[in-house]
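I have a structure I would like to understand better, so I am pasting it below and will then ask my questions one at a time.
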Number of protein chains: 2
Amino acid sequence: MSPMDSPTDKHIDTNKMDERSLSASHDQQPYAYKVAIPPKQNLFKEFQYTVKETFFADDPLRSFKDQSTSKKLILGIEFIFPILNWGRSYNLKKFRGDIIAGLTIASLCIPQDIGYSKLAHLAPQYGLYSSFVPPLIYAFMGSSRDIAIGPVAVVSLLLGTLLSNEIDPVTHAEEYRRLAFTATFFAGITQATLGIFRLGFLIDFLSHAAIVGFMGGAAITIALQQLKGFLGIKTKMFTTKTDIISVLKAVFSSAKHGWNWETILIGASFLSFLLVAKFIGKKNKKFFWVPAIAPLISVVLSTFFVFITRADKQGVEIVNHIEKGINPSSVHEIYFSGDYLGKGFKIGVMAGMIALTEAIAIGRTFASMKDYQLDGNREMVALGTMNVVGSMTSCYVATGSFSRSAVNYMAGCQTAVSNIVMSIVVFLTLQFITPLFKYTPNAILAAIIISAVISLVDYQAAILIWKTDKFDFVACMGAFFGVVFVSVEIGLLIAVSISFAKILLQVTRPRTAILGKIPGTSVYRNIQQYTEASKVPGVMIVRVDSAIYFSNSNYVKERILRWLTDEEAVKGDYHTRIQFLIVEMSPVTDIDTSGIHAFEELHRSLEKRGVQLVLANPGSAVTDKLYTSNFANIIGQDNIFLTVAAAVANCAPKLDVNP
Amino acid sequence: MSPMDSPTDKHIDTNKMDERSLSASHDQQPYAYKVAIPPKQNLFKEFQYTVKETFFADDPLRSFKDQSTSKKLILGIEFIFPILNWGRSYNLKKFRGDIIAGLTIASLCIPQDIGYSKLAHLAPQYGLYSSFVPPLIYAFMGSSRDIAIGPVAVVSLLLGTLLSNEIDPVTHAEEYRRLAFTATFFAGITQATLGIFRLGFLIDFLSHAAIVGFMGGAAITIALQQLKGFLGIKTKMFTTKTDIISVLKAVFSSAKHGWNWETILIGASFLSFLLVAKFIGKKNKKFFWVPAIAPLISVVLSTFFVFITRADKQGVEIVNHIEKGINPSSVHEIYFSGDYLGKGFKIGVMAGMIALTEAIAIGRTFASMKDYQLDGNREMVALGTMNVVGSMTSCYVATGSFSRSAVNYMAGCQTAVSNIVMSIVVFLTLQFITPLFKYTPNAILAAIIISAVISLVDYQAAILIWKTDKFDFVACMGAFFGVVFVSVEIGLLIAVSISFAKILLQVTRPRTAILGKIPGTSVYRNIQQYTEASKVPGVMIVRVDSAIYFSNSNYVKERILRWLTDEEAVKGDYHTRIQFLIVEMSPVTDIDTSGIHAFEELHRSLEKRGVQLVLANPGSAVTDKLYTSNFANIIGQDNIFLTVAAAVANCAPKLDVNP
């Protein structure tokens, strides 16, 4: 081509390009608009905003605004004891709902409590104690209307495992119990502290997927532990480990001499009964009460049966003894000094966090089903107080139970009064009925626990997780197998580690995408999602999908340069050399000094290659920082646009088509 | 208003609204386009992509593609030893640049090395040893052209502090030295391991701001340590602590009897000389060599002066003895068993990471200035190998030095050959000249170190950080004060913790914004940034500025509901009840199962309030998950739009203006 031709040629080419890239931008004139520099923020206000969003995201003090001091005081007391608030509008209709629900969950909790305390290696009455005091405290301080408080399977297992790592529960029963109260005390302190300092968001770091896996694994482990009671294996023939391999080995090695056929017969028949009851309840929501009272019926029937036949003489193990009377004080049993203080603290923190996770998950689920707000931090204070008081009245860690809360909800509970009703029933049981449990066979308790934890294996959730997010599934399975094959602590550790790894991966390796123009619009979208979107010749448009921070700034810079290299390598259709690199900043919600540095380096590298850096739609935080760091002037303020379309419209005429 | 009027009324109202909200959307018909469901990804491919972006983000194997096996082998060897690649095009012109640069950094490094080894509590020759072997290894394996390898101030200080916490360097000199080699060995192993497993991104977790603060604090600490040599204070009158308070106390309590005026005189005059030289070098880049050779001149002059005047008899402390000859083997001195193995390992990991951070930061800075790519992971392998070999040849941890690399760059180095030149000069020094250092006064070394570390206090960077990002500034100051007032380890711990806290805060509390329409366009932007943007009556548009993961899903849900509550409370101008909530999903780059759950709960809450949830522009990952989890069907596929404008255009006609 002669030099004479080129101006005309160029003219034609540019026109053609205008047609392609500008058609849609014409009519919306976004270039009339420049990116607004947000009003300069007062440092104090900015700080205040961050603190508020971090710790007071739920705006708990909303109702305190513009009130007189005395009114504020009343509101404050009501804030700590919500019962004073909802109690005023309490009526007989609500009470009817609560009393039915309370009686139902009481009938469910009594046999469960006795079984769960065995999981925690404690005498059976401690389970009942923990269903008496804590629910009462919660009813006054908690704000969930549906949660049912008491000992739960997973926390009992966790506590039992951690405590027996320190002290042998058989040979040193007293020290073991004292350490349990110490752990309970610190579990409560942990929970209340998190709530008071509004650090409740910390429990959000355990992902849903990790919880599903952990719960499923714990349920399997718990069920396996029940094989001992279910098959009538003697304690000395069983294992103290909880992993599936040790347990199955112990079970099979004891098959010849250790199993007790009478026990298995009783256990198996009642387990079938419980499972059928569960099935009925699931098929027809109207019969929710069938699985709820089935355990108590099993206990009554089997106890009566053993009493009549004196099957305990045939080797059927029975409960034998439950202490009569309500909770004795245990204030002086808590270790406040010595070696066990530290151990109790550590165990308490772990058990407290897990208990919290379970209770908050339950609380939130039911709150969203009835559409009321739940203040997570206030809940934590309530749960913490309840466990601190519990630790002083011979209770071990109590929390919200999945199964009983669901029954409570279906039985039509209206307020936390259902917990009070349950508590009273437990009180009466402790006072008058406990001696009757003497002949209750352990196999029945095992069957009740198996049928209760079986629904914690939420395979449907696991399938959904698999479908939705593969990384989540890895976390889920990691936690599951960790618990089943190693131990609860290891499973928990895996769950937490994978959850954190995911967060770190997210912030280190954000996605980037090449954008193209969707035909007939002025909209630019990811060309991998919208295959019909077309690239603009001579211009590369990259979108960065994350705030640019120190953890990813270097990656983002290098990734953009790699896109450019790739793009230049496959020139193909695009004969025009790439001269403009537009970075779509909409998803870049923030940038820090490292990010600005990375952009400076990017700008320098691009300059050397003869490519102009152009930014589209930086948000307010980013715009602010682009200006204060002077980077806006380095690339030129006229290279920052409100939209990608505006940026393209501006770049196209400047393109040199024959470089 | 009578019921009769309402239809007309409504009609008019809707029209009016159409005018306001649709004007700009007309002409771009984005509703012709539905959000594309991305092509179903193969699980294996998806996994492969994630692994690639995480570990091979820089695509290091690009050149290996489509090559024969023998070619691949050659490329592989060149990959490990880049010198074989660039060596082929090496020429005399490049050598001229390298030899000048090499001689300059050699003259700078010899006095610095002697001083730095004192910081590490090692005999002076170990500093020189570390400037002989490691640079040679690096020259063959490294890919940075500008970095100058050798002992550096901060790592020497860190090593000295950590090692002397374990062993007293005076009374147990041999064990101390052996532990130093052990730590160096493991520092090298750590670095090489990170590189081989391509985990180099881990060092990105130390933010720029934290590094600035840490370096500044370390510089101050180092300068304070030099007061001992500078004032001629006897070792037994000084403190072993490094915090500013202990050091100043020791300095002033020794003022009466401990200071040596002759020492101070020599030290102060040469420090002035060095600072003037530095000033000249800074004023005029042409005189970069003035500050570079000033230290060596100071050493020569002061040594000569002391030798003539025998000032050492007046209490001026001198170096006294440097071992002659090159590095002896130290393979058998490394602890591969026993108690010190673990301690050496721990110290090595820390020192190795810090050394890595410094070297990579330097490498990247100069690479971007000359616009060449640096493979961080390959660099780590080179640095690691060099330290492993170093630990076996009586060297302690070496890395890239800020000050010497800058001099190297300004002196016109072309390749790593300048390191070889420097290494040869150090070799000659060790073989022939070391005895001459006998009369070098310690005060001169102190002056050289002070003038070297002073530029690590980068107050301009700190000011820029303050202006750009307040949170970064807190990290910077935390690290700074931690180092200055407590110790290097604590400073480092603070720096890492704050960096992590920032990441966690970012993922737990993402920003959200209310969008309004920018007049005259169909663009919707944050109304706080664009104050002229107007809200659309009856419709609330929220943008969520982050991927929605388990760590923030609950917050996002509750924040959106709070926006709605706030919006409903301040109805004011907008008499139309809010009936549509549009969530702008552009910045939501990903969502996990917890996020989907949160959206389900949000949808349920909104339904109860009579508000329809509408999504605008979900990205490919999000769209995919919305469909696989069935949430797209729950809210209705026709409630997902390509743009906010399209969503508004679709909602407006459906609005019930008299609810």
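Within the range A:444-453, is there a residue that is within 11 Å of chain B (Cβ to nearest Cβ), touching a helix residue (DSSP H, G or I) at 6+ places or on another chain (Cβ under 8 Å), buried (at least 23 other Cβ atoms within 10 Å of the Cβ) and at pLDDT 85 or above?
No: zero hits.
Tell me which residues, restricted to the range B:354-366, are touching a Leu at 6+ places or on another chain (Cβ under 7 Å) and within 9 Å of another protein chain (Cβ to nearest Cβ).
Scanning the range B:354-366 gives a single hit, B:364.
May I pose another question? What are the residues in the range A:167-225 that are within 20 Å of residue A:398 (Cα to Cα) and of a type in the set (Lys, Arg), if any?
A:177, A:178, listed by residue number.
Which of the residues spanning the range B:48-97 are modelled with pLDDT under 75, among the hydrophobic types (A, V, I, L, M, F, W, C) and surrounded by 14 or more Cβ atoms within 10 Å (Cβ to Cβ)?
B:57
Scan B:240, B:190 and give me the residue that is assigned to a helix (DSSP H, G or I), in contact (Cβ under 8 Å) with a residue 40 or more places away in the chain and in the same structural domain as residue B:319 (by TED's automatic domain parsing).
Among B:240, B:190, only B:190 is assigned to a helix (DSSP H, G or I), in contact (Cβ under 8 Å) with a residue 40 or more places away in the chain and in the same structural domain as residue B:319 (by TED's automatic domain parsing).
Something else now. Restricting to the range A:520-529, what's the tally of residues that are touching a strand residue (DSSP E or B) at 6+ places or on another chain (Cβ under 7 Å) and free of Cβ contacts under 8 Å to residues at least 60 places away in the same chain?
Going through the range A:520-529 one residue at a time, the tally reaches 4.
Report the residue count in the range B:425-454 for those that are touching a residue at least 60 places away in the same chain (Cβ under 8 Å), within 23 Å of residue B:137 (Cα to Cα) and aliphatic (A, V, I, L, M).
Total meeting the criteria: 3.
Here's another thing I want to ask about it. Would you confirm, using the coordinates I've provided, whether residue A:251 is buried (at least 18 other Cβ atoms within 10 Å of the Cβ) and of a type in the set (Val, Ile, Thr)?
When the stated conditions are applied, residue A:251 passes them.
Do we have any residue at all in the range A:622-644 that's aliphatic (A, V, I, L, M) and part of a loop (DSSP other than H, G, I, E, B)?
yes
Residues are listed down the side, and each one gets a yes or a no for (1) out of contact with any helix residue (DSSP H, G or I) (no Cβ under 9 Å at 6 or more places or on another chain); (2) at pLDDT below 90; (3) surrounded by fewer than 19 Cβ atoms within 10 Å (Cβ to Cβ):
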site	(1), (2), (3)
B:281	no, yes, no
B:312	no, yes, yes
B:321	no, yes, yes
B:342	yes, no, yes
B:352	no, no, no
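Could you look through the range B:617-634, keep only residues that are more than 17 Å from residue B:598 (Cβ to Cβ) and more than 36 Å from the chain's Cα centre (by Cα), and pick out the one that is nearest to the other protein chains (Cβ to nearest Cβ)?
Per the criteria, the residue is B:627.
What helices (runs of 4 or more DSSP H) completely inside the range A:376-453 contain at least 1 residues that are among the polar types (S, T, N, Q) and under 20 Å from residue A:323 (Cβ atoms)?
In the range A:376-453, the matching helices (runs of 4 or more DSSP H) lie at A:376-392, A:417-428, A:442-453.
Assess whether residue B:547 counts as being touching a residue at least 24 places away in the same chain (Cβ under 8 Å) and out of contact with any Phe, Trp or Tyr (no Cβ under 8 Å at 6 or more places or on another chain).
Judged against the criteria, residue B:547 is a match.
Are any residues in the range B:375-406 aliphatic (A, V, I, L, M) and surrounded by 24 or more Cβ atoms within 10 Å (Cβ to Cβ), and if so, which ones?
Once the filter is applied, which keeps residues that are aliphatic (A, V, I, L, M) and surrounded by 24 or more Cβ atoms within 10 Å (Cβ to Cβ), the range B:375-406 yields B:380, B:382, B:383, B:386, B:397, B:398.
Sticking with this structure for a sec: Looking at (1) part of a helix (DSSP H, G or I); (2) of a type outside the set (Val, Ile, Thr); (3) more than 21 Å from residue B:193 (Cβ to Cβ), can you tell me which one residue B:320 breaks?
Unmet for residue B:320, out of (1) part of a helix (DSSP H, G or I); (2) of a type outside the set (Val, Ile, Thr); (3) more than 21 Å from residue B:193 (Cβ to Cβ): (1).
Can residue A:249 be described as without any contact (Cβ under 8 Å) to a residue 40 or more places away in the chain, in a helix (DSSP H, G or I) and within 29 Å of residue A:465 (Cα to Cα)?
no
Suppose the filter is away from chain B (no Cβ under 14 Å) and more than 26 Å from residue A:130 (Cα to Cα); does residue A:52 pass it?
no
Moving on. Does residue A:551 count as at pLDDT below 90, in contact with a Ser or Thr (Cβ under 8 Å, 6 or more places away or on another chain), farther than 30 Å from residue B:508 by Cβ and small (Gly, Ala, Ser)?
No, not satisfied.
Quick check, is residue A:637 surrounded by fewer than 23 Cβ atoms within 10 Å (Cβ to Cβ) and either at the interface with another protein chain (Cβ under 10 Å from one of its Cβ atoms) or modelled with pLDDT of 90 or more (or both)?
no
Which residue pairs have Cβ atoms under 9 Å apart, sit 6 or more places apart or on different chains, and have a first residue in the range B:353-379 that is without any contact (Cβ under 8 Å) to a residue 24 or more places away in the chain and among the basic types (Lys, Arg) and a second that is buried (at least 20 other Cβ atoms within 10 Å of the Cβ) and part of a helix (DSSP H, G or I)?
Going by the 9 Å Cβ cut-off, the qualifying pairs are B:364/A:554; B:364/A:601; B:364/B:376.
Tell me, which residue of the range B:592-603 that is surrounded by 22 or more Cβ atoms within 10 Å (Cβ to Cβ) and at the interface with another protein chain (Cβ under 8 Å from one of its Cβ atoms) is farthest from residue B:514 (Cα to Cα)?
B:593
Follow-up question, since we're still on this one. Here's a check for you: in the range A:580-591, which residue that is within 14 Å of chain B (Cβ to nearest Cβ) and either among the small types (Gly, Ala, Ser) or surrounded by fewer than 23 Cβ atoms within 10 Å (Cβ to Cβ) (or both) is farthest from residue A:537 (Cα to Cα)?
A:590
The values are calculated or read from the model by the stated rules, or taken from the named source; none is laboratory data. Since we're looking at a predicted model, the values are computed, not measured. Cβ: placed from backbone, ideal geometry, glycine included. Neighbour counts: every protein chain shown.
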